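The values are calculated or read from the model by the stated rules, or taken from the named source; none is laboratory data. Note that the coordinates shown come from a computational prediction; the quantities given were computed from them, not determined experimentally. Positions of Cβ are backbone-derived with ideal geometry, glycine not excepted, and every protein chain shown enters the neighbour counts. These area figures cover heavy atoms from the full protein model, side chains too; ligands, DNA and RNA do not enter into them. Shrake-Rupley method; radii C 1.70, N 1.55, O 1.52, S 1.80 Å.
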Amino acid sequence: MSTGNDQGVMEFDLVVIGGGSGGLAAAFRAAGHGARVAMLEPNALGGTCVNVGCVPKKAMWLAAHVAENIALASRLGFDVGAPRLDWCEFITHRQRYIHNIHESYRKRLDAAGIVAMPTRGRLLDANTVETSDGVRLQAPHIVIATGGHPWRPDVPGAGLGLVSDDFFHFDAAPGRVGIVGGGYIAVELAGVLQSLGCCVELFVRGPRLLGGFDRELAERLQHNYHQAGVALHFDHALQSLHDAGAGKRQIVDGVGERSQPLDAVIFATGRRPNTVELGLASAGVDTDRQGHVLVDAFQNTSTGGIYAIGDVTDRIALTPVAIAAARRLMDRLFAGKADAKLDYDNIPTVVFSHPPMATVGLSEEDARERHGDEVHVYRADFRAMVHALADVPQRSLFKLVCVGSERRVVGIHLLGEAADEIMQGFAVALKKGIVLDDLADTVAIHPTSAEEVVLMR
Ligand SMILES: Cc1cc2nc3c(=O)[nH]c(=O)nc-3n(C[C@H](O)[C@H](O)[C@H](O)COP(=O)(O)OP(=O)(O)OC[C@H]3O[C@@H](n4cnc5c(N)ncnc54)[C@H](O)[C@@H]3O)c2cc1C
């Protein structure tokens, strides 16, 4: 428990600002090491991931996946009609699941003796945080874990558009949706909405989807989306949003051309860190131009005793990354592990597209840039058994990117059924530095899609 000093200031070993993925992980790990911890969170526990990110997104992806399987079942001879989702009922299940996560966090916070305060925090100096109701907390260690928020482009009519947070308030499928963006959130929302019966149009600034991911897989996914009926507009210069009356919106491009009237426009145009009104300047904490807190490899900010983790920094914005960074930091501060820090290389990730895409390590393009002619690429281009049985055209594409005469595996990229579940184990192998022969020495599990990874030569 905390102790109050003579000035009525509450004292802790650690104050965590933000109770999302990173903040909760920091608080739990530090308390586990015996630290007295306060955690400030004005909104729902779990932050973006639990409330407007990974969890509700995956729930919607699962609904879409079920819809796709019903359609496949029908092709395979099952007597099922066209899939139609009662969104309200599904959302009740989704929110019950999320409510249970909140409850579980509350119980764990109590059990760990963490003082959880439902309020915002602001830094007063290097050791002091003030809550919105004026309570002052002091600690030798302060963690900033305030995450980020969706960002809208600064164009006329931007206020007519929605962002990903709003998607989670839909209680019915809009008829026709325009999504602006080509990153993973845009791709995921497009896939879910199209599979659940909407007509989706994607407006992408660049020439392709998922810049930064392996190009060949991204192109295969584009092909799949096109086949599924998603309209793709590349090299699109967004100029403004227009109110077309009767609740419809139109997207206007660089030459003034208007899109079809849309029932909703969603901006998936990036996120910005939550660093305004956080008192960073008073505490001497430096940020980059977008407001991300600058940290070194140990999550130290420019001010001693203040650290930052997760989306508020400019590192990879994923829940397990925020959690892993938080745990290592707490091990360093409270468990004497002086060298503990997160290795940000080879972090696996999944795009919950339709089908899902999983990736770890270097894309072919990045590998060629780094290793030139030393790069060797292996491919498996196949139809998953269920798609072959139902005779649907969708094809999977798996790729191994290897380097050198020993064929060290530096990238694994999977697009296809169950890619999301297949990747985790192979990510361990890549991190351990396997070569192609190690995969070949592993007996395949047959008949699966996963076996393609060990059969590629
Ligand atoms: C649509 C979407 C889908 C995603 N899907 C995935 C996925 O599938 N897999 C994955 O790994 N990642 C996914 N992410 C990313 C993931 O949600 C984030 O990387 C993760 O939540 C970051 O954790 P964090 O602790 O840094 O921030 P957050 O989880 O955002 O938590 C920050 C918390 O700080 C609080 N806060 C802000 N300011 C203050 C203040 N002044 N005082 C006190 N508290 C404050 C906020 O209320 C918030 O609860 C997704 C994100 C989005 C938007």
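Out of all the residues in the range 54-68, is one or more open to solvent by 50 Å² or more (accessible area, probe 1.4 Å), near the ligand (Cβ under 10 Å from one of its atoms) and within 20 Å of THR146 (Cα to Cα)? Yes, because at least one residue in the range 54-68 is open to solvent by 50 Å² or more (accessible area, probe 1.4 Å), near the ligand (Cβ under 10 Å from one of its atoms) and within 20 Å of THR146 (Cα to Cα). State yes or no: is ASN127 more than 16 Å from the ligand (Cβ to nearest atom), modelled with pLDDT of 95 or more and buried (at least 19 other Cβ atoms within 10 Å of the Cβ)? The answer is yes for ASN127. The set of residues from the range 271-298 being of a type outside the set (A, V, I, L, M, F, W, C) and touching a residue at least 60 places away in the same chain (Cβ under 8 Å) comprises ARG271, ARG272, PRO273, ASN274, THR275, GLU277, GLY279, SER282, GLY284.
Exactly one residue out of THR275, THR303 is more than 12 Å from the ligand (Cβ to nearest atom), in a loop (DSSP other than H, G, I, E, B), surrounded by 17 or more Cβ atoms within 10 Å (Cβ to Cβ) and among the polar types (S, T, N, Q): that is THR303.
Which ranges mark the helices (runs of 4 or more DSSP H) fully within the range 395-457 that have 1 or more residues being buried (at least 23 other Cβ atoms within 10 Å of the Cβ)? Can you show your working first?
On the way: elements: 419-431, 436-440, 451-455.
Counting at least 1 such residues, we get 419-431, 451-455.
Residue by residue, here is whether (1) closer than 20 Å to GLU216 by Cα; (2) at pLDDT 95 or above; (3) of a type outside the set (D, E, K, R) holds:
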position	(1), (2), (3)
MET357	yes, yes, yes
ARG379	yes, yes, no
VAL392	no, no, yes
LYS399	yes, yes, no
VAL443	no, yes, yes
SER449	yes, yes, yes
VAL453	yes, yes, yes
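Within the range 333-347, the residues that satisfy the criterion of being touching a residue at least 12 places away in the same chain (Cβ under 8 Å) and surrounded by fewer than 19 Cβ atoms within 10 Å (Cβ to Cβ) are ALA335, ALA340, LYS341, TYR344, ASN346, ILE347. Could you tell me whether the range 96-111 includes any residue that is modelled with pLDDT under 95 and surrounded by 15 or more Cβ atoms within 10 Å (Cβ to Cβ)? No.
For the range 113-124, give me each residue that is closer than 19 Å to SER21 by Cβ and open to solvent by 40 Å² or more (accessible area, probe 1.4 Å).
Going through the range 113-124, the residues closer than 19 Å to SER21 by Cβ turn out to be 114, 116-118, 120-121.
ALA116, PRO118, ARG120, listed by residue number.
Residues in the range 306-327 that are over 18 Å from the mean Cα position of the chain (by Cα), buried (at least 23 other Cβ atoms within 10 Å of the Cβ) and of a type outside the set (A, V, I, L, M): 1 in all.
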